[in-house]
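Nothing in this text is a laboratory measurement; each read-out follows from the coordinates by a stated rule. Worth saying up front: this structure is predicted, and the values here are computed from it rather than measured. Quick reminder, even Gly has a Cβ in these numbers, built from the backbone with ideal geometry, and neighbours come from all protein chains shown.
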């Protein structure tokens, strides 16, 4: 019997890349638009492998997929997948951890620069009034302190780019060895010191039990009133209600957000109406090349697993010993 692979909720309609990769094992390929675990279980009941964009895959979904051997998250984060439950059922979970490093790093810098130089406000004033003043004050970016939370692949790419702007770079990441900080010329500091010192804080950490709500009232209160917060990682690392209060009450100066606790961001959400806030729709990952690479590598990972090989991006390697 041929393998069956299901994409639970793809965001595109051209599947030529996936089909070319899956042809190597003669797999049948189907797509669905799953929103719930019940949807996943129904669409993937006979699937040998699935590719997940945003669909939740927990115990209920897994119980309905008795043949499934591999779940690939078509992206970096995999917080919508119950990895422990998958491991119990001997199901491999993999992701594509390094396909959009440049794109996200570029997007983070774009948000920082637009906020710092007041680009959006200046554009709006020119359009409305024809010409305007400089929206004083705007301070020189060179010499300011950039605080990076999470010095993984993307955090390191941001650090490299920020060097060219003359920013002093500090970072908090308890899992990165000292020699990495040294090689990058980035100072390792505690989260408390970073919050108090940084003129711009940029988030590049995965969403885990440790990082959920990492940026909350207590930390926001420690930040400079002139500081900016940029988040292109996961919405859940920032306590949104606390951030709204911080912006309203002037604890910090502004924020650039590509990710949110609830996506899409509700129409009546207060973030939409606050000044000095830039919002983008979880778009930092995207470029034509990144999307093409993501689709092919996701399908290629499924092929590896169904051939009996361990994917290089396996996030639960302990399943191999089950």
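Counted by neighbouring Cβ atoms within 10 Å, the residues 44, 34 run from fewest to most as 34, 44. For the chain, relative contact order (Cα pairs under 8 Å, six or more residues apart, normalised by length) works out to 19 percent. Comparing 83, 186, 138, which has the greatest mean-square fluctuation in the GNM of the chain with Cα pairs linked when under 10 Å apart? Result for the chain, Cα springs under 10 Å: 138 fluctuates most.
Its Cα gyration tensor gives the stretch 1-91 an equivalent ellipsoid. The semi-axes, each the square root of 5 times an eigenvalue, are 20, 15, 12 Å from largest down. For the stretch 275-314 versus the stretch 81-130, the spacing of their alpha-carbon centroids is 13 Å.
From the Cα gyration tensor of the chain, with a ≥ b ≥ c the square roots of its eigenvalues, which class applies: rounded if a/c is under 1.5, or else prolate if a/b is larger than b/c, or else oblate?
In terms of gyration-tensor shape, prolate.
Think of it as helices only: each DSSP H run of n ≥ 4 in the chain is worth -39500 (n - 2.57), and spread over all residues that comes to -10000 deg cm²/dmol at 222 nm.
Nearest 0.05, what FRET efficiency do residue 16 and residue 163 give at R0 = 35 Å with Cβ-Cβ as r?
Efficiency computed from Cβ-Cβ geometry: 0.35.
Going from the fewest other Cβ atoms within 10 Å to the most, the residues 133, 173 appear in the order 133, 173.
Does a label point 7 Å from the Cα of residue 226, set along Cα-to-beta-carbon, have any residues of the stretch 152-172 with amide nitrogen under 16 Å, and which are they? It comes to 167-168, nothing else.
Remark: spin-label model distance residue 208-residue 136 equals 4.8 nm, labels positioned 7 Å along the Cα→Cβ axis. At q = 0.17, 0.25 Å⁻¹, what is the base-10 log of I(q)/I(0) for the stretch 278-319 according to the Debye formula with one equal point scatterer per Cα and no solvent? Please give it to two decimals. Taking Cα atoms of the stretch 278-319 as identical point scatterers yields -0.61, -0.86.
With the cut-off at 1.5 for a/c, could you classify the stretch 226-277 from its C-alpha gyration tensor as rounded, prolate or oblate?
oblate
Spin-label model, residue 183 to residue 59: label points 7 Å out along the Cα-to-beta-carbon direction sit 4.2 nm apart. Largest mean-square fluctuation among 183, 108, 160, in a Gaussian network model of the chain whose springs join Cα atoms under 10 Å apart, belongs to 183.
Ordered by the count of other Cβ atoms within 10 Å of each Cβ, fewest first, 57, 244, 93 give 244, 93, 57. Convex hull volume of the Cα atoms of the stretch 101-279, normalised per residue: 120 Å³. The angle separating the long axis of helix 153-163 from the principal Cα axis of greatest extent in the chain is about 30 degrees.
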